Amino acid sequence: MPPTSGKRKRQAEQSQRLMQEVAQQYRPPTEVPSRPMAPPSSSAPPLPPPLPVVDEPSPDDHRTGQLSAKISIRRKPRPEGAPPPKTKTGVVKGLKAEEIVKRTGQKIKVTWDNFCHGPKSKELSSMLTHDVGHIIRDEISMVAPTWGDTTDDEQKKLPTKLFIFYEFDVDDKLMWKWLDDKAKNVYKNWKCTINKIRKENPGKIPEEFEHRLDEWNWLLKHFESDGFTVYYFHFITNCCY
């Protein structure tokens, strides 16, 4: 087996082990009373902190297709005359995990399904993938070539944040592997998207990195390295923006 494959396998096993270590802290008690009672208000756990909100551009900016002098990696102006985005309805569709937990009063349970090769429903898989991407883009340091090269403390941030709204089985290794694969893809795709915006706006710092200048300066050097240049060529060849 090539050395790179062995390294990736060790990194994947390490990432999954770290996720399970964090999950151990949230393992439910082994003995559950037959008739659970609501805890008194004094002992009730505090509500989870709200997810950070990203300011959206004004409607005038959307209509004209012009944004402020700042550049954003995520936001893209809608073309002039484009219809407004459709709103989703239903119990799960269109609702964030935070809102679902508030309405139901319990965390969202996630288990592995052999038929779907992931979470049981498409909506749950999509919502979980969205939250994984949100956490990696906002919370995880980009000062590493790949997700497997990030520090243990950085990798532990992902399950720690997910456990605010989701409930996982500690021993569900297939689910942990699914999460680790998602984290790998999001990490590398986000880095390639950053490089694309950098090429389109030379000399400008995206607003997502205005308060993360150390990471931005590291990325500028990383993007010029031979290893990333080869990888980015294959990425843009196989992906369309």
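The values are calculated or read from the model by the stated rules, or taken from the named source; none is laboratory data. Everything quoted here is computed from the prediction, not taken from an experiment. Cβ coordinates were reconstructed from backbone atoms using ideal geometry, including for glycine residues, and neighbour counts include every protein chain displayed. For the accessible areas, the whole protein counts, side chains as well, though only heavy atoms, and no ligand, DNA or RNA atoms are used. Shrake-Rupley method; radii C 1.70, N 1.55, O 1.52, S 1.80 Å.
Per-structure values
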| read-out | value |
| --- | --- |
| Share of carbon and sulfur in the accessible heavy-atom surface of region 122-241 [1.4 Å probe, %] | 54 percent |
| Burial ranking of peptide ranges 150-163, 115-128, 195-208 (average Cβ count within 10 Å, highest at the top) | 150-163, 115-128, 195-208 |
